[in-house]
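The values are calculated or read from the model by the stated rules, or taken from the named source; none is laboratory data. Keep in mind that what you see is a predicted model, and the values were worked out from it rather than measured. Counting neighbours? That spans all protein chains shown, and the Cβs are built from the backbone with ideal geometry, glycine included.
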Amino acid sequence: MSGKKMAPKRPDYEGSDGESYNKPSKRARMEKDTDEYLKRRERNNIAVKKSRERSRQKAKETIEQVNRLRAENEMLEQKVQILSKELSVLKDLFLAHAGSVAQSERAIEESESRAPIPDHQYSSPKQKH
């Protein structure tokens, strides 16, 4: 609940003309020049000022938080750009290295396939006489 009190519904009463009317509230009957009325008005004015000040303070804090979050977001976006560029460079380096390794392996395989394989002659073991 917000702390506001709902006024109970006032019972209807019948006027001299036979019509049904709501009974006048205490507030309506209160004289505007009485001390009680002036005190209530003063307390209400103070409450309104406090409420408005809290509202202004909350709005100010919200704006400050929005500004902080925008700055943080901008910083994070810059970091993402830097990391994306770094990733791209590392991918290029990796692919270049992987390509050169593959090329080296192919060259080795090709050179091995071209090299003559020497015939192996096996001699029978010498027998003792």
Practice item. With the checklist (1) modelled with pLDDT under 80; (2) surrounded by 10 or more Cβ atoms within 10 Å (Cβ to Cβ); (3) of a type outside the set (Asp, Glu) in hand, flag the one item residue 96 doesn't pass. Key: (1)
Study note, to complete from the structure: Selection over segment 33-46 where residues are part of a loop (DSSP other than H, G, I, E, B) and either modelled with pLDDT of 90 or more or not charged (D, E, K, R) (or both) yields a count of 1
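Per-residue answers, yes or no, for (1) at pLDDT below 95; (2) assigned to a helix (DSSP H, G or I); (3) of a type in the set (Val, Ile, Thr):
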site: 31; (1), (2), (3): yes, no, no
site: 48; (1), (2), (3): no, yes, yes
site: 56; (1), (2), (3): no, yes, no
site: 60; (1), (2), (3): no, yes, no
site: 63; (1), (2), (3): no, yes, yes
site: 67; (1), (2), (3): no, yes, no
site: 70; (1), (2), (3): no, yes, no
